[in-house]
Amino acid sequence: MSMIYNPNIIGNESMVGSPIISKKRKHDGRSAGPIIQYEFKSLRPKKQTKELVKVLLPERKKVLGVKLNYRFSIKDRCVVCGVHHIWEVSDELRPPIPLSHTTKGRPLRGTYCPKHSSFFKQLETLEQQMIAEKHGLEFKRYIPRAKVPQMIKRGPLVQLTEADIISLTSKGWKIQPPQADVVGPAEKLQILLLDLKGKLGQIDEILGVE
């Protein structure tokens, strides 16, 4: 899903004098804006986690300095900055239901905007990293990697294994050595045997033999 940042949206940091975001919050992590990477003030993962938990706390209503209910506990509104955003089910950045104390508490009716959803993903990664280090595991080993086909991994093909030749000839390919190569009787016999195995595989496919 492609998300376009609308500068006129409610709760945007560029809205001068906005009643939703106070002047104190104009340029901190709790203000609305495009998707960015959160810049930590601390270097320790435990303190970084506390920073993100504080940033993602839902905005509270205040009357005479007393915190009352949650300000943006409304459907399709970011509980932190108040930005209206509707998530698609297939969006990878789609956040879970926000909780009243970020990682615990009661569920709220709102959501996170794309910016604060990316912060929540950072928080989840940090927590998983801390759990891995606590148990003496290397966190990078558990990050999913894209699967690369075996033939691409080993680079350009200059030699074919027995399995490669059987697989290709069974699909109808004809494998011949380069003309410049001098092939002896033993090599020719091996090529013919492999070709025969490939032809037998072709017959099995036609007959539907597994």
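All of the numbers you see were taken from the coordinates with simple rules; none came from a lab. Just so you know, these numbers come straight off a predicted model, no measurement behind them. In this analysis, Cβ positions are derived from the backbone assuming ideal geometry, glycine residues included, and neighbour counts consider all displayed protein chains.
Numerical summary
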{"item": "Coarse-grained scattering of segment 19-130 at q = 0.13, 0.16 Å⁻¹, given as base-10 log I(q)/I(0) from a Debye sum over alpha-carbon atoms", "result": "-0.47, -0.72"}
{"item": "Trypsin sites (Lys or Arg not before Pro) within segment 67-111, DSSP loop, no more than 12 other Cβ atoms inside 10 Å", "result": "75, 104"}
{"item": "Segment 23-142, relative contact order [Cα under 8 Å, separation at least 6], %", "result": "26"}
{"item": "Peptides 186-194, 79-87, 120-128, 48-56 ordered by average Cβ neighbours within 10 Å, highest first", "result": "79-87, 48-56, 120-128, 186-194"}
